[in-house]
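Student: One structure, pasted below without further comment.
The values are calculated or read from the model by the stated rules, or taken from the named source; none is laboratory data. As the structure is a prediction and not an experimental result, all values here were calculated from the model. Virtual Cβ from ideal backbone geometry, glycine too; neighbours counted across all protein chains shown.
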Amino acid sequence: MEHFLCMDGQHVAVIYFRAGYTPADYPSESEWRARLLMEQSSAIKCPSISYHLVGTKKIQQELAKPNVLERFYENKDDIAKLRKCFAGLWSLDEPDIVRKAIESPELFVMKPQREGGGNNIYGDAVRDTLQKLQKAGSQEDAAYILMQRIFPNISAAIMMRNGTLHKENAISELGIFGAYLRNKDKVILNNQSGYLLRTKVSSSDEGGVAAGFAVLDSVYLT
């Protein structure tokens with residue numbers, strides 16, 4: 001039985017989530033009930049709750065564990081190619097990794113389950129946060145993961161801010177867009193559909209465009 005979501009007497013075909021990615025978006029049970037109502041409807045969700053969750057830091061960390069990719073892929077060459085793209089990802093219940101992060105915090109990034117930039121923890125703050133969590137002895141550490149810090153190549157760039165050009169040392173991050181549509185277990189569409197290049201000054205830890213840390217850029221191949 002299909003459950004239609006209706007507004008002004010018309011069926012809603014697509015629900016696009018511009019918000020709903022942080023706990024602040026769900027201040028009461030009313031918001032959770034609204035999310036459940038939308039998820040249970042026949043409208044196309046962008047993203048659905050399953051697709052939303054699979055993009056979280058915790059799921060990325062779980063996928064990096066040994067023998068997990070083998071649950072989804074049979075081709076060993078494909079698995080090797082995917083693993084080659086992974087940075088190190090660990091939960092905070094691995095004492096050896098936590099000890100290394102406290103000793104050398106500059107080699108790690110501490111990430112909560114957040115999106116949009118401005119939430120990650122870098123440098124000495126990694127050590128301070130880990131030690132604080134250890135002293136507290138609570139389950140709050142389950143909200144974080146540790147990631148191997150990536151040190152990309154630095155290049156010269158001209159950036160414009162408030163109408164003024166600035167020459168900066170910059171680093172870039174390339175992301176690939178995908179279009180994915182399914183109906184229960186039937187995959188209807190699964191295609192690569194463009195890219196996003198973010199560029200920021202090399203001295204900035206954060207990289208979110210909407211948060212004001214990075215700018216949109218274009219690929220120039222030589």
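Student: May I ask you to say which residue of Tyr21, Tyr16 is under 23 Å from Lys111 (Cα atoms), among the aromatic types (Phe, Trp, Tyr) and not assigned by TED's automatic domain parsing to the domain that holds Ala143?
Tutor: Going through Tyr21, Tyr16 in turn, the sole match is Tyr21.
Student: Among the strands (runs of 3 or more DSSP E) lying completely within region 1-114, list those that include at least 3 residues that are surrounded by 12 or more Cβ atoms within 10 Å (Cβ to Cβ) and of a type in the set (A, V, I, L, M, F, W, C).
Tutor: Qualifying strands (runs of 3 or more DSSP E): 108-112.
Student: So which of Ile79, Ile97 is touching a Leu at 6+ places or on another chain (Cβ under 7 Å), without any contact (Cβ under 8 Å) to a residue 24 or more places away in the chain and over 21 Å from Arg182 (Cβ atoms)?
Tutor: Ile79
Student: What's the number of the condition Met159 fails, among (1) aliphatic (A, V, I, L, M); (2) out of contact with any His (no Cβ under 6 Å at 6 or more places or on another chain); (3) farther than 23 Å from Gln61 by Cβ?
Tutor: Condition (2) is where Met159 drops out.
Student: How do the strands (runs of 3 or more DSSP E) wholly within region 121-193 filter down when requiring 3 or more residues that are surrounded by fewer than 14 Cβ atoms within 10 Å (Cβ to Cβ): which remain?
Tutor: So the answer is 155-161, 164-183.
Student: Now for a separate question. Take Ala136 and decide whether it is more than 21 Å from the chain's Cα centre (by Cα), closer than 24 Å to Gly212 by Cα and of a type in the set (Gly, Ala, Ser).
Tutor: no
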